[in-house]
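See structure below.
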Amino acid sequence: MQQKKRCIGIFTASLDDGYQSTVWNAIEEGAQRRGFGTISFLGSRLGSPIASEASSNLAYHLANERNIDGLVIISSSLATFFSSVDLREFFAPWASLPRVSIGMSIPGMSDVIVEGSSAITSLVEHLIDVHKRKRFAIIGGPESHDEAIDRLHACVETLHKRGLPIDDQLIV
């Protein structure tokens with residue numbers, strides 16, 4: 001009797017930007033090298049107020065234990081409008097599957113994340129020490145996105161430690 005090929009599901013928003021397509025390709029190649037098949041479930045950002053994005057997210061609900069053995073979630077692409085707690089709740093129906101979150105830490109599942117806070121701290125210190133900058137404008141990310149929140153806090157904390165003023169009107 002032939003053994004069933006194991007299959008990994010991949011959840012991501014559309015593949016029309018460099019980040020998502022690069023991560024998606026790496027997952028696909030890694031799975032193939034290890035003898036796994038993949039099924040990609042392409043939706044959009046979770047919780048989006050845009051009707052066409054919300055309706056495309058029905059694709060995620062096609063994943064189940066009959067067609068995948070595990071799930072890789074490119075969560076940083078899905079979470080523009082969701083916090084990690086919202087993501088945990090959304091992904092609860094797949095709790096019986098091994099799950100890995102890429103880009104955000106989601107309670108109850110494994111993750112692969114970038115620790116961006118130290119990089120932001122180094123960048124701000126470089127601008128202060130080398131380029132003698134004393135006034136900063138900050139462009140943040142989505143207000144509910146954990147990585148964006150961490151980067152903003154690291155930037156503000158570094159400026160506070162260096163005794164530099166922060167103009168709230170220059171934070172967007």
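The values are calculated or read from the model by the stated rules, or taken from the named source; none is laboratory data. Small disclaimer: the values here were computed from a predicted structure and weren't measured. Neighbour counts are summed over all protein chains in view; Cβ atoms, including those assigned to glycine, are modelled from backbone coordinates with ideal geometry. These accessible areas exclude ligands, DNA and RNA; they are computed on the full protein's heavy atoms, side chains included. Shrake-Rupley method; radii C 1.70, N 1.55, O 1.52, S 1.80 Å.
Worth pointing out:
- Filtered residues of segment 49-105 (kept if part of a helix (DSSP H, G or I), in contact with a helix residue (DSSP H, G or I) (Cβ under 9 Å, 6 or more places away or on another chain) and loosely packed, with under 13 Cβ neighbours inside 10 Å): H61, P93
- Among the conditions (1) within 23 Å of G9 (Cβ to Cβ); (2) assigned to a helix (DSSP H, G or I); (3) among the small types (G, A, S); (4) free of Cβ contacts under 8 Å to residues at least 60 places away in the same chain, the only one that G108 does not satisfy is (2).
- Pair list, Cβ < 7 Å and 6+ apart or interchain, from segment 42-60 residues that are in contact (Cβ under 8 Å) with a residue 12 or more places away in the chain and within 22 Å of I8 (Cβ to Cβ) to residues that are of a type in the set (G, A, S) and surrounded by fewer than 16 Cβ atoms within 10 Å (Cβ to Cβ): L42/S14; L42/A59; G43/A59; S44/S14
- Enumeration of residues in segment 106-124 that are open to solvent by less than 20 Å² (accessible area, probe 1.4 Å) and modelled with pLDDT of 90 or more: V124
- Filter result for the condition that a residue is among the basic types (K, R) and modelled with pLDDT of 95 or more, over R99, R151: R99
- Just so you know, in segment 19-37 the residues that are of a type outside the set (S, T, Y) and open to solvent by less than 50 Å² (accessible area, probe 1.4 Å) include one that is farthest from I73 (Cα to Cα), and it is G35.
- Condition broken by T158, with the remaining ones in (1) closer than 25 Å to G18 by Cβ; (2) touching an Asp or Glu at 6+ places or on another chain (Cβ under 9 Å); (3) open to solvent by less than 30 Å² (accessible area, probe 1.4 Å); (4) not hydrophobic (A, V, I, L, M, F, W, C) satisfied: (1)
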